[in-house]
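One structure is given below, encoded as structure tokens.
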Amino acid sequence: MTSLPWLDTEFLWFPPPEEALEEPDGLLALGGDLAPQRLVHAYQNGIFPWFSDDQPILWWSPNPRCVLFPNEVHISRSLKRTLNKGYFRITADQAFSDVIYHCATVREEGTWITADMIAAYTTLHHQGTAHSFEAWNPSGELVGGLYGIALGKCFFGESMFSLETDASKALVVAIAHQLDAWGYQVMDCQVESSHLVRMGARCIARSEFLSILKKYAQTRPDHTSWAMEWRWPGGSSGT
């Protein structure tokens, strides 16, 4: 493997994303810390952390990049039938701690969401940078959720969980519609998945993704808070 730079905790610096490895795809650097300012700097430059408890912090910037443009979300006929029933209620920032906890624990194959990651993103949530979306069933139970980072008019999805059929799909539709209403230009999905591709996500060159970030990551979105409650087909509400 090509030698990778080891980040110093004293300096807020990353190598250019273009220097990331092709194999494993996107691995850019090691070390550093999960301080809020480093995480924000990373996302602004198309970089994110992804590592296990037994590894140093690993920083990634894959090429191509999987993204979902909010106005391109695809709703299948079967999903539309589910949404028409009004079964799921979608909210934002109502249960961030529960969402990140479920994202870390429901995966049978293990998780990369370590205790340090939970602490770091919870700090960002308290600072107004990390946010969650929640899916609730008619009994008021949390059955799905997603958390991520919002910078400018860009939203960076980190992880999602689902405990009921179609909960994750309903979340993606609601999030896309709400982000579009708020003026967001892109939702970063990081790496390709068949689930997201079926819902309209697509892969673009890293260079194109970085151009989007340069243009929109520091541009104020068209909303002032994350208060919202969304149901299909009645649309979204929020301020």
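Bear in mind that the values in this text are calculations on the coordinates, not laboratory data. Predicted model, so just to flag it, every value in this text is computed and none were measured. Neighbour counts run over all protein chains shown; Cβ positions are idealised from the backbone, glycine included.
Leaving out same-chain residues fewer than 8 places away, which lysines sit with a Cα under 30 Å from that of K85? Hits, sequence-local ones excluded: K169.
Among P17, P49, P138, the largest mean-square fluctuation in a Gaussian network model of the chain, built with springs joining Cα atoms closer than 10 Å, belongs to P138. Per-residue 3J(HN,Hα) values for region 52-67, derived from phi via the Karplus relation 6.51 cos²θ - 1.76 cosθ + 1.60 with θ = phi - 60°, read 9, 4, 8, 10, x, 5, 10, 10, 10, 8, x, 9, x, 10, 8, 9 Hz in sequence order (x marks Gly and Pro). With a/c under 1.5 counting as rounded, go ahead and sort region 6-62 into rounded, prolate or oblate using the C-alpha gyration tensor (a ≥ b ≥ c being the square roots of the eigenvalues; past the cut-off, prolate if a/b is larger than b/c, else oblate). Note, shape of region 6-62 comes out oblate.
Averaging 1/r over each pair of different alpha-carbon atoms in region 55-133 and inverting the result gives 15.8 Å, the Kirkwood hydrodynamic radius. 3J(HN,Hα) along region 144-152, derived from phi through the Karplus expression 6.51 cos²θ - 1.76 cosθ + 1.60 where θ = phi - 60°, amounts to x, x, 8, 10, x, 10, 10, 9, x Hz, with x in place of Gly and Pro. Taking amide H positions as placed 1.01 Å from N in the peptide plane, with prolines and chain starts having none, which residues 5 or more places from V186, or on another chain, fall under 5 Å of its amide H? Sorted by chain and number, the residues that satisfy this are F155. Each residue in T114, T122 was given a count of other beta-carbon atoms within 10 angstrom of its own, and listing them fewest first yields T122, T114. Under 5 Å from the amide H of L27 lie the amide H atoms of L21, S61, each residue being 5 or more positions distant or on a separate chain, with H modelled from the backbone and absent for Pro and chain starts. Equivalent-ellipsoid semi-axes for the chain (Cα gyration tensor, √(5λ), whole Å, largest first): 29, 19, 17. Counting Lys and Arg as +1 and Asp and Glu as -1 over every other residue whose Cβ lies under 14 Å from the Cβ of L79, the net charge comes to +4.
Once the chain from S225 to L12 is taken as fully extended at 0.36 nm per residue, the excess over their C-alpha distance is 73.8 nm. Across region 193-201, coupling constants 3J(HN,Hα) worked out from phi with the 6.51/-1.76/1.60 Karplus curve, θ = phi - 60°, read 9, 4, 4, 6, 4, 4, 9, x, 5 Hz, and Gly and Pro carry x.
Stretched out straight at 0.36 nm per residue, the stretch from A115 to E19 would grow longer than its current Cα-Cα span by 31.7 nm. Each residue in C203, C189, C154 was given a count of other beta-carbon atoms within 10 angstrom of its own, and listing them fewest first yields C203, C189, C154. Taking K214, K85, K153 in turn, the Gaussian network model of the chain (Cα-Cα springs below 10 Å) assigns the largest fluctuation to K85. Sparse packing (at most 10 other Cβ atoms within 10 Å of the Cβ) combined with a DSSP loop state is found for the following GluC sites (Glu not before Pro) in region 1-65: E10, E22.
With neighbours defined as other Cβ atoms within 10 Å of a residue's Cβ, the residues R89, R220 order from fewest to most as R220, R89. The lysines whose alpha-carbon is closer than 18 Å to the alpha-carbon of K153, local same-chain residues fewer than 8 away aside, are K214, K215.
Given H placed 1.01 Å from N in the peptide plane, which residues other than close sequence neighbours of M160 have an amide H under 5 Å from its amide H? Correct list: empty. Taken along the Cα-to-beta-carbon direction at a fixed 7 Å, the label points for Q37 and S78 span 5.0 nm.
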